[in-house]
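Report on the following structure.
The values are calculated or read from the model by the stated rules, or taken from the named source; none is laboratory data. Here the structure is a predicted model, which means the values were calculated and not measured. Cβ: placed from backbone, ideal geometry, glycine included. Neighbour counts: every protein chain shown. Calculation scope for accessible area: heavy atoms of the full protein, side chains included, ligands and nucleic acids excluded. Shrake-Rupley method; radii C 1.70, N 1.55, O 1.52, S 1.80 Å.
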Number of protein chains: 2
Amino acid sequence: MSTATVSRALASPDQVSPELRARVQAAVAKLGYTPNAAARQLRIKRSRTALVVTRRRWSAPFFAEVLRGLDEEFSAAGYAMVLGNVDEDGGERSRQLVDMMFSGTIDGAVLLSGRVAAADGRTMFEAGLPLVSLCAAIEGTHTILTDEGECIARGARELLRLGHRNFLYLPGPSDNYNEQVRWAALAEVFASASTDATVSRAEQCDFSLAAGVAAARDFLSMKQRPTAVIAVSDENAIGFLQTVQEAGVGVPHDVSVLGFDGIEFADFCRPTLSTIRQPRLELGRAGARILLKAIESGPPLSLSREILPNELQFRGSTGPVCET
Amino acid sequence: MSTATVSRALASPDQVSPELRARVQAAVAKLGYTPNAAARQLRIKRSRTALVVTRRRWSAPFFAEVLRGLDEEFSAAGYAMVLGNVDEDGGERSRQLVDMMFSGTIDGAVLLSGRVAAADGRTMFEAGLPLVSLCAAIEGTHTILTDEGECIARGARELLRLGHRNFLYLPGPSDNYNEQVRWAALAEVFASASTDATVSRAEQCDFSLAAGVAAARDFLSMKQRPTAVIAVSDENAIGFLQTVQEAGVGVPHDVSVLGFDGIEFADFCRPTLSTIRQPRLELGRAGARILLKAIESGPPLSLSREILPNELQFRGSTGPVCET
DNA sequence: TTGTATGCGTTATCAT
DNA sequence: ATGATAACGCATACAA
């Protein structure tokens with residue numbers, strides 16, 4: 001029985017005689033043989049491995065769910081998933097990731113990082129592998145976004161309808177894609193001539209709980225407090241919410257709060273946090289599926305661009321403005 | 001210039017003449033050459049890749065931080081990290097993970113799953129690769145634990161000292177290692193003759209927010225309510241805390257609540273959640289370091305066992321029992 | 001249907 | 001110090 005025979009019996013069971021197939025399977029089971037992955041990769045030039053690039057900045061509850069979606073699809077397709085964090089660009093870590101793209105260890109990458117890593121004058125692009133970008137528009141990649149701008153605008157309009165006129169926005173880092181989209185959409189709502197409402201931006205700007213707390217402190221010291229707060233993340237909103245309530249401010253009586261993401265903790269606040277729920281699991285699944293398709297179909301025929309719907313959920317933390 | 005020369009110039013720069021080294025480096029930079037990883041792996045029988053096995057059950061905020069610690073150390077050592085989820089054992093996913101151990105794709109594994117995956121009568125063990133188990137004692141692996149039993153016992157004793165006599169414990173799944181350790185430690189405290197205090201167990205048992213809420217509902221319907229609640233996770237504790245407060249129960253006035261893990265959200269509850277803070281980042285770092293050492297030192301000389309200290313933090317949600 | 005032989009891109013051994 | 005060469009374990013083209 002030659003090695004070629006075994007290889008075939010394992011890789012294409014339907015191309016060998018049933019008798020041989022059985023014999024091979026028996027031997028494999030008995031000896032505990034597992035084909036060597038490196039040799040196979042070397043031969044077929046495929047690793048059945050996807051790279052997932054992340055950034056610390058992401059909130060853990062959001063990220064974990066996206067990751068689960070990715071894992072589900074990749075593992076169902078028999079792909080392994082290697083994880084890589086890049087926090088700053090251009091460092092040693094970026095080099096590692098770029099090298100992975102060129103060394104044949106991976107067949108493609110999903111970017112949760114918002115940018116394409118670069119090092120030594122090379123970028124992830126030049127490796128010619130398919131790239132999928134999640135939650136950020138990156139030229140040259142398959143992109144999956146959500147309708148975050150529309151949703152936050154819808155949320156703002158709903159709050160306007162509830163009578164709010166003085167808004168506070170808790171922003172994310174200004175170089176962040178999602179922050180930019182959300183703020184732009186929000187600014188447009190308020191720029192539209194049909195309203196005299198105004199929105200101010202809090203100074204703190206990241207996605208953390210701490211930023212929400214800091215913003216709440218500023219809020220508390222204002223003479224003319226906004227009645228509606230729109231946050232770039234649920235963490236922001238929750239930090240804000242807890243802090244102002246601690247200081248005796250009623251939610252939603254004195255101030256309405258709208259978060260973003262729909263993490264699980266938002267369901268368990270008091271009051272439950274109104275939020276814009278992102279399809280976290282589906283983002284991961286869709287991202288993996290697109291990448292797998294791109295890998296299996298060889299040359300990049302055309303770059304896909306998909307927009308998944310968020311869900312605006314007005315719950316306990318938002319209500320009509322109260323005259324007092 | 002032969003391939004061997006290039007290989008040497010890249011792998012051991014100090015073993016070739018400076019002139020050649022420069023020439024190779026120039027050519028590499030110019031051509032954008034990256035050595036093929038599969039061929040290298042095939043030759044040296046090392047992949048510089050670690051497998052990290054997880055389970056859905058873990059709380060995202062806890063898990064994300066451990067993962068960060070792992071990533072830091074692995075990437076610093078030039079190792080890639082592949083992630084694999086196993087939820088049930090014995091399925092297709094387990095087979096994949098076991099196969100990875102035998103196919104040479106990885107050099108070792110860190111288990112956050114509490115168990116060694118098995119499939120087709122083979123376990124991860126038999127591959128002979130180093131295994132590190134985090135937060136669970138698994139025979140035959142390098143193990144890193146925390147002093148969770150001691151800490152929860154200390155927490156209970158502190159609550160006893162504050163005058164509490166009627167305790168409620170919110171348990172995790174009974175097949176979970178951490179649940180077992182924590183409950184055993186707790187039970188021992190109450191079994192000790194020096195106290196007449198009693199502890200009952202809530203029926204709900206997983207680490208989720210929802211389980212905490214369900215336990216709170218039961219709590220609210222009790223005629224003789226416990227005055228101290230010890231939860232197996234911060235999520236449990238937070239779900240409980242929010243729900244009983246919603247129903248008008250004062251914390252810590254009417255009931256003291258102690259969580260477990262020290263996730264970030266615990267810092268932002270109202271009141272701040274008393275908890276047992278686990279060294280999440282350090283767990284990840286230590287796990288990676290141990291695995292790397294085991295990989296590089298070849299044959300398993302002896303299995304290490306390390307116990308990291310938790311930190312018992314009594315904060316807003318716990319206080320002396322109030323006679324009313 | 002099965003076996004034989006070659007090459008994938010490295011690294012290590014050996015000779016120069 | 002460098003070059004030639006074999007071998008790693010698999011998949012495939014081709015021969016039988």
(message) Given the whole protein assembly as supplied and a 1.4 Å probe, what does the accessible area of A:ILE307 come to in Å², nearest 10?
(response) 100
(request) Provide the FRET efficiency to the nearest 0.05 for the B:LYS293-A:GLU92 pair, computing r from the beta carbons and using R0 = 22 Å. (result) 0.55
(request) Work out the FRET efficiency for B:ASP218 and B:ALA77 from their Cβ-Cβ distance, taking R0 = 56 Å, and round it to the nearest 0.05. (result) 0.70
(request) Give, in whole angstrom and from largest to smallest, the semi-axes √(5λ) of the equivalent ellipsoid of segment B:140-205, with λ running over the eigenvalues of the Cα gyration tensor. (result) 23, 15, 9
(message) Relative to 2.2 N^0.38 Å, what does the C-alpha radius of gyration of chain A come to as a ratio? Two decimals please.
(response) 1.26
(message) Please report the antiparallel percentage of the DSSP beta bridges confined to segment A:148-278, to the nearest 5.
(response) 0
(request) May I ask you to rank A:TYR33, B:TYR169 by accessible area, largest first, using a 1.4 Å probe over the protein chains only? (result) A:TYR33, B:TYR169
(request) Step through the residues of segment A:43-59 one at a time and calculate ³J(HN,Hα) from phi using the Karplus curve (6.51 cos²θ - 1.76 cosθ + 1.60, θ = phi - 60°), rounding each to whole Hz and writing x for Gly and Pro. (result) 6, 8, 6, 8, 10, 6, 9, 10, 9, 10, 9, 10, 9, 3, 3, 4, 6
(request) Ignoring ligands, DNA and RNA and using a 1.4 Å probe, state the total buried accessible area between A and B in Å², rounded to the nearest 100. (result) 4100
(message) Can you classify the protein assembly as shown as rounded, prolate or oblate using the Cα gyration tensor, where a ≥ b ≥ c are the square roots of its eigenvalues, rounded means a/c under 1.5, and otherwise it's prolate if a/b beats b/c and oblate if not?
(response) oblate
(request) Would you work out if segment A:148-278 is rounded, prolate or oblate? Take a ≥ b ≥ c from the square roots of the eigenvalues of the alpha-carbon gyration tensor; rounded if a/c is under 1.5, else prolate when a/b is larger than b/c, oblate otherwise. (result) rounded
(message) Show me the ranking of peptides B:108-119, B:74-85, B:190-201 by mean Cβ neighbours inside 10 Å, starting with the highest.
(response) B:108-119, B:74-85, B:190-201
(request) Report, as an integer, the average count of C-beta atoms from other chains found within 10 Å of each Cβ along A:74-84. (result) 5
(message) Per-residue Cβ counts within 10 Å, from other chains only, averaged over A:37-45: what number is that?
(response) 6
(message) Please report the antiparallel percentage of DSSP beta bridges with both residues in segment A:54-184, rounded to the nearest 5.
(response) 20
(message) As a test of the formula, what do you get for the protein assembly as shown when each DSSP H run with n ≥ 4 contributes -39,500 (n - 2.57) and the sum is divided by the residue count, at 222 nm and rounded to the nearest 500 deg cm²/dmol?
(response) -13000 deg cm²/dmol
(request) Using θ = phi - 60° and the Karplus relation 6.51 cos²θ - 1.76 cosθ + 1.60, list the HN-Hα couplings for segment B:122-138 in order, rounded to whole Hz, with x at every Gly or Pro. (result) 10, 10, 4, 4, 4, 5, x, 8, x, 10, 10, 9, 9, 6, 7, 7, 10
(request) Using θ = phi - 60° and the Karplus relation 6.51 cos²θ - 1.76 cosθ + 1.60, list the HN-Hα couplings for segment B:202-213 in order, rounded to whole Hz, with x at every Gly or Pro. (result) 5, 7, 5, 8, 8, 8, 7, 4, 4, 5, x, 5
(request) Starting from a label point 7 Å past Cα on the Cβ side, list the distances from B:LEU281 to the same position in the other copies, nm, shortest first. (result) 3.2
(request) Please work out whether segment B:194-264 counts as rounded, prolate or oblate from its C-alpha gyration tensor, where a ≥ b ≥ c are the square roots of the eigenvalues and a/c under 1.5 means rounded, while otherwise a/b larger than b/c means prolate and anything else oblate? (result) rounded
(request) List every residue whose amide H lies under 5 Å from the amide H of B:THR105, counting only residues 5 or more places away in sequence or on a different chain, with H placed 1.01 Å from N in the peptide plane. (result) A:ALA37
(message) Which one, A:THR49, A:LEU134, A:ALA4, projects farthest toward the positive side of the charge dipole computed for segment A:1-144 from Cβ point charges (K/R +1, D/E -1)?
(response) A:ALA4
(message) Keeping all protein chains in place and using 1.4 angstrom, which order do B:LYS223, A:LYS45 fall into by accessible surface area, from largest down?
(response) B:LYS223, A:LYS45
(request) Taking a label point 7 Å out from Cα toward Cβ, give me the nm distances from B:ARG55 to the same spot in the other copies, shortest first, one decimal. (result) 3.4
(request) Could you order B:CYS322, B:CYS135 by accessible surface area, starting with the largest, using a probe radius of 1.4 Å? (result) B:CYS322, B:CYS135
(request) Can you list the distances in nanometres, one decimal and ascending, from the B:PRO13 label point to the identical position in each other copy, with the point 7 Å along Cα to Cβ? (result) 5.0
(request) Identify all lysines with a Cα-Cα distance to B:LYS45 below 24 Å; exclude those on the same chain that are fewer than 8 residues away in sequence. (result) A:LYS30, A:LYS45, B:LYS293
(message) Rounding to the nearest 10 and keeping the result within 0 to 90°, find how far the Cα-based axis of helix B:60-76 lies from the longest principal axis of chain B.
(response) 30
(message) Are there any GluC sites (Glu not before Pro) in segment A:39-99 that are in a DSSP loop and have at most 15 other Cβ atoms within 10 Å? List them by number.
(response) A:GLU88
(message) Suppose all protein chains stay in the model; what accessible area per residue would a 1.4 Å probe give for segment A:32-92, in Å²?
(response) 41
(message) Need the C-alpha centroid separation for segment B:1-80 versus segment A:62-87, integer Å.
(response) 21
